[in-house]
Each structure stands twice: as structure tokens, then as C-alpha cells.
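The values are calculated or read from the model by the stated rules, or taken from the named source; none is laboratory data. Nothing here was measured: the structure is a model prediction, and the numbers come from that model. Glycine gets a Cβ as well: all are built from the backbone with ideal geometry, and neighbour counts include every protein chain shown. With ligands, DNA and RNA removed, areas are computed over all heavy atoms of the protein, side chains included. Shrake-Rupley method; radii C 1.70, N 1.55, O 1.52, S 1.80 Å.
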Amino acid sequence: MTDVFNIGLALLLLGLAAWTIVTRELFVAVVGFIAYGLLSTLVWVQLHGIDVALTEAAIGGGLTGVLLIGAAGRLRNSAVALNLEVPSMQVRWLAGVVSAAVSIALGVCVLALPDPAPTLAHEVAANIADTGVGNPITAVLLAFRSMDTLLEAIVLLFALLGVWSLAPDQSWGGRPGLRQQVDPNGILAYAARVLPPLGIIVGTYIFWVGADHPGGKFQGATILAAMWLLVMMAGLADAPPISRTWLRLGLVAGPLVFIAIGLLGLYTAGDFLGYPPGFAKPLIVAIELALLPSLTLVLGLLLLGAPQRGTPP
Amino acid sequence: MAEFLLMAAGFVLAMVALGLVRILRGASAADSMMAVQLFGTGGIAALLLLGAATGEAAVIDVALTLALLAAFASFAFVKAAGDAAGQDAKVKSDT
Amino acid sequence: MSTLIDVLALAAIAAGSFFFLAGTVGLLRFPDTLTRLHALTKADNLGLGLIVFGLLLQVDSVLAGLKLLCIWLLVLLSGACVSQLIALNTRRGDVRR
Amino acid sequence: MTLFTLFGLCAALLVGLGLFGLMVNPHPLRKILAFNVLGTGVFLLFGAIAQRGAAAGMGGDPVPQALLITGIVVAFSATALAVALLQRLFDVTGTATLANDAPAQVSVNPGEE
């Protein structure tokens, strides 16, 4: 029974991916992609990666989907002319052959992997007690491989700098996105008043529960960012100008605290990002707490895009 | 019991897939908005059933996240489609 | 007692699945966008509600039960708002492409 | 068929599909979509391999799973940057084409149409 379910799930996933690739309409392709993201959440549950499922549900399906929908809406008129640029039949065939070859090569690799599978689960299980957290993924993210997480937070900041640097000169320092024209008593405004309080509770809960169960700062921050964006989408609040000092401080506060705790480790534990024995849990919680608002801001601003409106007087 | 829950999850998923085929073939903007809605409801139901079948308590948290983000995506989608239609109408009336 | 609860849960989940079937049949058979919207939002939300009820009977902690209820309420709320917005867009016309 | 083989092969096919879409679709946004499909294929392969390493009472090897979470977030930031680049291209030239010989209608003040 489980096999039947999994095979059906895999077929549905492939079907949706194929649909996303071959359909003619831009909007429909984006919808296919969102459905695909939601479906892969189920696949991750089947693969016993609940943390990954949570991230995929939050970022893969939700935020990426909204990002692409917005872009598809703004670029919808550009699709018609581009249909003339469809590559010739030979190129399509060649692309098909190359892609099939890559798939087959990967498939052969999948079937030829060594047995028994290498795993680091035993090492994690042996050392997790030192970190004080109960969720092995959180232990990996913030203790065993915390350098990855630090660099990830910095990559997000760099991506945001890249997005901002695309602003036209006269808009630099201004507000990102267009002003929203929405009926203040409309249904969207209603939803944007009712949903965020609930969303903030859920986001904080997902963040907090991450120490011992699936969850954590990225997933929590995504939910908080989504609620912030919903309020802006409904026109209840405007996007902040990117020249605001509080905004810039908020963006770098998380990574700075992370780096500071890392440097502290040089003195107390003799290693960058090392934690002194017994202090691992409070330091991990401090890093996560500092990263949460920064990540919320970065994720929300990444979705809003480059500044488009000049600085207010 | 787990067997039954898995069967129910598969059934709901199959229904969602069937509905999705219909919606994606229709290809009007309103129909595609419904696809997100359909996946929000059906996907969450399948996820909850799957979580109960495998005994992973944390799946409820995933479903909670999905419920919030699917709602957010639906609102964004309706707004994008509505804005696009509004702008098209404006262009039409201008010319 | 526990068998009674199990039977009740089974019945609720089966009924919930049936409503998903009904929603999909409506989606496949109804002629225009507004009626399809009607089938989708009514039947599927009820289906999810019944499934949540079925799972609620077997839940082992109060928190998990609250979360389940919260999920259903969230879906109801967003479903009601989004379907209204879709219907408004459709009536305004020009969204068909 | 084990869980790993099934989803491993599924991932291999997804990578191929994404690659095909990346090469064949002319619209840049469709290319971004295809690239994301390719990316999820790679993630899925990684996740299937993580599931293979299930041991010590864990459903999967936690190290690759944690790296996956990092990967998903980084993929999102790359997508956001790509979409912003595309938006700027559209604002400046009025089209979204990537072809070199396309007639560019350069407007001095984008966003003020």
C-alpha cells in the first residue's frame, strides 16, 4: 500500500514538473510550479525529512511561488513576442537528447550507489547531547556545521544587496515595490487584519519549537515575512524606504551577533564558532533569536524587489 | 488503522490531481487561482492523513505552515491577476 | 469505548474523503467558473473539516488538537476570502485569458 | 522497489526535465522556473540519499538534511535576484528577451510610462 502511494506521488510530481515545463501560458506554468512545491512537501514527509518538508512548504511552495506570480503578472505582456523565439526543431531534439542523457546518467548513478550507505547519523547521535538541543537538524545547523548557516545568512544579505543595486538612480534609497491601491474596507484588507495575528503566533511557535522538534528560524522567519507582505499587499502599511537606519541595522544585526558569538568562541572554546561546554544551548538560542528578525526582513525585502519610488522629502 | 489513513490520503490526493487536470486544462486565470485553492485544501488534508498514518506528530506543524503560506500565495495570486486585469482594462479604455 | 471512537474516526475520515470526491466531480462537471468555484470551496472545506474531526478523535495531546482546529479555521478563513476575491475578479470580466 | 530507488530515479528525471525546459523555453521567467525544477530535482536526489543513511533512530542522515535546508534558502535568494534582474531588463528595454540582436527601446526614465 505504501509502495502504491509513493509511486503515485512520484508520478504526480513528475507530471506537474512536466506540465510546468511544457505549458504555453506563463501564469499556468507558475500555478503548476506552486502545486509542485506543495506536493514535494508530501514527498519530504515520506522521505522522513520533516524539517525539509517544513522549509519546502514555507519557502519552496509559498515564497518562491509568490515571487514568481508577481513577476509573471508584471511581465505578462512580454510573453507574446517571445513566442517567436522558440528554438528550431533540431535544437529542441538536441536539448531533449542531452537532457535524457543527463537523466539516464544520474539514474545509473542512483542504482550504482555503494551499500551500505555512508551516514553521519551515528556521529550526530553521539554528540548531540553536548549541544543541549533535541532536534538533530538544529544541532547540525547551529553547532556541527554552523559555518554553513552563518554564510547562508550572509548570502541572503548579498542577494538583497544585489537586488537593491538594480534600482534606477533616482529611486535609490526609496521604497521598493509599487504603491498598492486597495479598498481599505475590502476583503483583502479584512484578511490582512485577521490573518497576521494568527500567523505571528504560528511563526513564533515554529521558531521556538525548532530546538527540540522540526522547525526553526528560517521557517518561522518565512511565516513572519509572509504576514508582513500580506499587510503591505493589502495597502495597510507601506514598504519602508531602504535608506532607513533601523531597517539596515535590523538587516545586519542577526549576522553580526552570529559573528560576535563565533569570535567569542575563539577565546572561550579555542575555535571560531566553538561553544564553551555547558553554554551551547543558550548561545544557540541567542543566535537563533538574533537571526529571526533579520531573516524576516531579508526574506520580505527580497520579495519586494528593487526600490522603485524616490525618497520621500 | 494506518493502512486506512494512507488509503484515504492517497484517495484525497488522487481527487486533487483529477481536479488539477481539469483546472490546468481550463487555463483561465480564475481557474488557475482555484488550483492553488484546491491544493491548499486537498494537500493539507492529504498531509494530515499521511502524518497520522506514519505517526509523525510534527507533520501537523508542516500542515499549519502550509495552511498559512497557501493562503498567502492565494491572496498574492488573486491580487496579481486582478491588477493585471485592471491594467489591461485601463489600457483598453485609454486607446 | 476506544473501538467506538475508532469507528467514529473512520466514519468521519471516510465521509471527508467522500466530500473531496464530490468537490472534484463538481469541478469536472460544472459548466462555468462560478459554479466550479462553488463546488470547490463548499465541498472541500467540509471534507477537510470532517477529516480534521476524525483525526481530532485520535489525537494524544491538547496542543496537537488545538493546532488541528487552527489549521481548519485558517483554511476556512482563507478559502472564504479568496473565493470571494476570485468571484469578484470573474464578474469584473477580462480575467479570462 | 525501495523508497530510495523510487525517489532517486524520480529526481534524475526531474533534473532532466528542468534542463530541457532551461534550454528550450525562450522566456527568461520560464527559464527561472525550469531552473527551479532542476534544483528541486537535485534536492530530491540529495534527500533520497539522506534517507538511505537512516541510522541511530533517525529517519534520515541529519547532516545532508540540514544542508538541504540551507540549499533551499539559497536557491530562493538566487531566484529572487534573477527575478529582480529580469524585472530591471524589462523596465529598461521594454522586452524580456535575452537575444542580442533584439531591438532595444531604451527609455531614459523607466517606470514613468
Between chains B and A, what is the buried accessible area in Å², counting both sides, with a 1.4 Å probe and ligands, DNA and RNA left out, to the nearest 100?
-> 4100
Accessible area buried at the D-A interface, both sides summed, 1.4 Å probe (Å², nearest 100) | 7200
One would report the Cα pair-distance distribution of the protein assembly as shown, bin width 20 Å, in %, as 20, 56, 23, 1
Mind checking the log10 I(q)/I(0) for chain D at q = 0.13, 0.16, 0.23 Å⁻¹? Debye, one equal scatterer per Cα, no solvent, two decimals.
-> -0.63, -0.81, -1.20
Chain A: longest stretch without exposed trypsin sites (Lys or Arg not before Pro) (DSSP loop, at most 14 other Cβ within 10 Å), sites themselves excluded?
-> A:25-178
Whole-number accessible area per residue in Å² for the protein assembly as shown, which is evaluated in the context of all protein chains at 1.4 Å | 40
Compute the Cα gyration tensor for region A:28-144, then decide on rounded, prolate or oblate, letting a ≥ b ≥ c be the square roots of its eigenvalues: rounded whenever a/c is under 1.5, prolate when a/b is larger than b/c in the other cases, and oblate in all that remain.
-> oblate
Going by a ≥ b ≥ c, the root eigenvalues of the Cα gyration tensor, does chain A fall in the rounded group (a/c under 1.5), the prolate group (a/b larger than b/c) or the oblate group?
-> oblate
Given backbone amide H placed at 1.01 Å from N, residues whose amide H is under 5 Å from that of A:GLN308, ignoring those fewer than 5 places away on the same chain, are A:ARG175, A:GLY177
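Please compute the contact order of region C:1-62 in relative form: average sequence separation of alpha-carbon pairs under 8 Å and at least six residues apart, divided by the residue count, as a percent.
Averaging sequence separation for qualifying contacts and normalising by length gives 50 percent for region C:1-62.
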Shape of region C:2-96 from its Cα gyration tensor (a ≥ b ≥ c, root eigenvalues): rounded if a/c is under 1.5, otherwise prolate when a/b > b/c, or oblate?
-> oblate
Principal-axis tilt of helix D:28-52 within chain D, Cα atoms, nearest 10 degrees | 10
Of the accessible area of region A:1-86, computed with a 1.4 Å probe and all protein chains kept, carbon and sulfur make up a percent value of 63
Folded to 0 to 90 degrees: helix C:2-29 orientation relative to chain C principal axis, Cα = 10
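Would you mind giving the total buried accessible surface between chains B and C, with a 1.4 Å probe and ligands, DNA and RNA left out, rounded to the nearest 100 Å²?
Chain pair B/C: roughly 3800 Å² of buried accessible area.
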Beyond 29 Å between alpha-carbons counts as too far, so tell me which of C:LYS42/D:LYS31; A:LYS281/C:LYS67; B:LYS79/C:LYS42 fall in that bin.
-> C:LYS42/D:LYS31
Could you give the dipole magnitude of the protein assembly as shown about its Cα centre, charging the beta-carbon of Lys and Arg +1 and that of Asp and Glu -1, in debye to the nearest 20?
-> 1480
